[in-house]
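Student: Sharing a structure, written as structure tokens. Questions coming.
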Amino acid sequence: MAVLRDKVALVTGAGQGVGQGIALALAGEGAAVAVAGRTGAKLEATCALIRERGGRAEPFPVDVADTAAVPPLVEQVVRALGGIDVLVNNAYSGAFGSLLSMSDDDFQRGFRTAPFAAFAFMKACHPHLKARRGSIINLVTSAAVRWDTSTYGAYAAAKQALRSLTRTAASEWGRDGIRVNAIAPHALSPGLAAWTERNPEAAAEFVESIPLGRIGDCEADIGRAVVALVGPDLRYLTGATVPLDGGQAFFG
């Protein structure tokens, strides 16, 4: 039996990579998926993959940095698909590099597309999630707990803010029947694949540091974990950060 049958999931940044993997996994368990992101062609490609497998998906173009566009987008999803049971805040567009090399705009862009955008989606989805006792998954990063965070400062700062937001929402919205958790994944996204190609030696060292000895698969490892987190078997879990990284990082 599909554990998410008759559920509706909204996934941001679902046109490729981890977001696409999560969308595919949720659809595979019966959820109708609102595939949200900036690039229409990528959204259509994800929807096509879901439909080829017999699932239901609709594209919803949006730039998550435009928080004013979020409430009307959420209402579009509700009208089109009948409600929202699962929100996955995956979209992120930020900068990497040393602190002294980074402009204010580059630093702030990560906050606009991570905690600010997630906050807008969470507020807009709240009444719908409350009505259906839904679940939120926010994507954070183990870069924030690396032994050396050089060049990851802006990324880690934005994602740590999102992690804190996750815990607060779990505390405040638990009585509304809404569970809120975060995941910190390592997965073979297009970005990581490109970095691996450019830096083969560093990539090999990176994989060697993972106890399970491999990079996760966007759908099979990350998407399936999200299915478990939003499904009925983990209904008593909220406010947690789950490191989906093969055992590499430690979140104290």
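The values are calculated or read from the model by the stated rules, or taken from the named source; none is laboratory data. Computed from a predicted structure; not experimentally measured. Reconstructed Cβ throughout: ideal geometry from the backbone, glycine too, with neighbour counts over all protein chains shown. Note: areas computed on protein heavy atoms with side chains; ligands, DNA, RNA excluded. Shrake-Rupley method; radii C 1.70, N 1.55, O 1.52, S 1.80 Å.
Student: Only four residue types carry charge here, +1 at the Cβ of Lys and Arg and -1 at the Cβ of Asp and Glu. Report the dipole size of the chain about the Cα centre in Debye, rounded to the nearest 20.
Tutor: So the magnitude is around 860 debye.
Student: Same structure, new question: Work out the charge dipole of the chain with +1 on the Cβ of Lys and Arg and -1 on the Cβ of Asp and Glu about the Cα centre, then indicate which of Leu188, Gly94, Phe116 is farthest towards its positive end.
Tutor: So the residue furthest toward the plus end is Phe116.
Student: Also, I was wondering about something else. Which ³J(HN,Hα) values in Hz, rounded to whole numbers, follow from the phi angles of segment 41-58 under the Karplus curve 6.51 cos²θ - 1.76 cosθ + 1.60, where θ = phi - 60° and Gly and Pro get x?
Tutor: Per-residue couplings from phi come out as 4, 5, 4, 5, 5, 5, 4, 4, 4, 5, 5, 4, 8, x, x, 10, 8, 9 Hz.
Student: With r as the distance between the Cβ atoms of Ser101 and Ala204 and R0 = 25 Å, compute the FRET efficiency 1/(1 + (r/R0)^6) and round to 0.05.
Tutor: Result of the calculation: an efficiency of 0.40.
Student: Which far-off residues, 5 or more places away or on another chain, put their amide H under 5 Å from the one on Thr241, with H placed in the peptide plane?
Tutor: Excluding prolines and chain starts, which carry no amide H, the hits are Ala182.
Student: With loop defined by DSSP as not H, G, I, E or B, and exposure as at most 13 other Cβ atoms within 10 Å, which is the longest segment of the chain clear of exposed trypsin sites (Lys or Arg not before Pro)?
Tutor: 54-132
Student: What spacing in nm lies between the two simple spin-label points modelled at Ala45 and Phe251, each 7 Å away from Cα in the Cβ direction?
Tutor: Inter-label distance under the simple model: 2.9 nm.
Student: So, one more: Relative to the longest principal Cα axis of the chain, at what angle does helix 117-132 sit, 0 to 90 degrees, rounded to 10?
Tutor: It is inclined by approximately 30 degrees.
Student: Quick one: which residues, 5+ away or cross-chain, put their amide H under 5 Å from the amide H of Ala31? H built at 1.01 Å from N.
Tutor: Hits under the 5 Å cutoff: Leu4.
Student: Work out, step by step, the length gained on full extension between Asp176 and Asp66: first 0.36 nm times the residue separation, then minus their alpha carbon distance; give nm to one decimal.
Tutor: Contour length minus Cα-Cα distance gives 36.9 nm.
Student: Same structure, new question: Could you run the Karplus curve 6.51 cos²θ - 1.76 cosθ + 1.60 with θ = phi - 60° over segment 104-112 and give me ³J(HN,Hα) per residue in whole Hz, x for Gly and Pro?
Tutor: 4, 5, 4, 5, 6, 4, x, 6, 5
Student: Separate question: Determine the calculated [θ] at 222 nm for the chain from helices alone, applying -39500 (n - 2.57) to every DSSP H run no shorter than 4 residues and normalising by the residue count; nearest 500 deg cm²/dmol.
Tutor: It comes out at -13000 deg cm²/dmol, rounded to the nearest 500.
Student: In whole percent, how big is the carbon plus sulfur part of the accessible area of segment 5-152, probe 1.4 Å, protein atoms only?
Tutor: Carbon and sulfur atoms account for 51 percent of the accessible area of segment 5-152.
Student: For segment 168-252, which whole percent of the accessible surface, found with a 1.4 angstrom probe, sits on carbon and sulfur atoms?
Tutor: The nonpolar share, carbon plus sulfur, comes to 54 percent.
Student: Moving on to the next point. With every protein chain left in place, what is the accessible area per residue of the chain in square angstrom, probe 1.4 Å?
Tutor: Computed with neighbouring chains in place, this is 47 Å² per residue.
Student: Still on this structure, I have one more. Once fully extended, how much extra length lies between Ala240 and Thr168, figured as 0.36 nm per residue of separation less the alpha-carbon to alpha-carbon distance?
Tutor: Net length gain for the segment: 24.8 nm.
Student: Could you give each residue of segment 74-87 its phi-based ³J(HN,Hα) in whole Hz, using Karplus coefficients 6.51, -1.76, 1.60 with θ = phi - 60°, and x for Gly or Pro?
Tutor: Values, residue by residue: 4, 5, 4, 4, 4, 5, 6, 10, x, x, 9, 10, 9, 10 Hz.
Student: So how much slack lies between Asp217 and Ser93, counting 0.36 nm per residue of separation and subtracting their Cα-Cα distance, in nm?
Tutor: 42.5 nm
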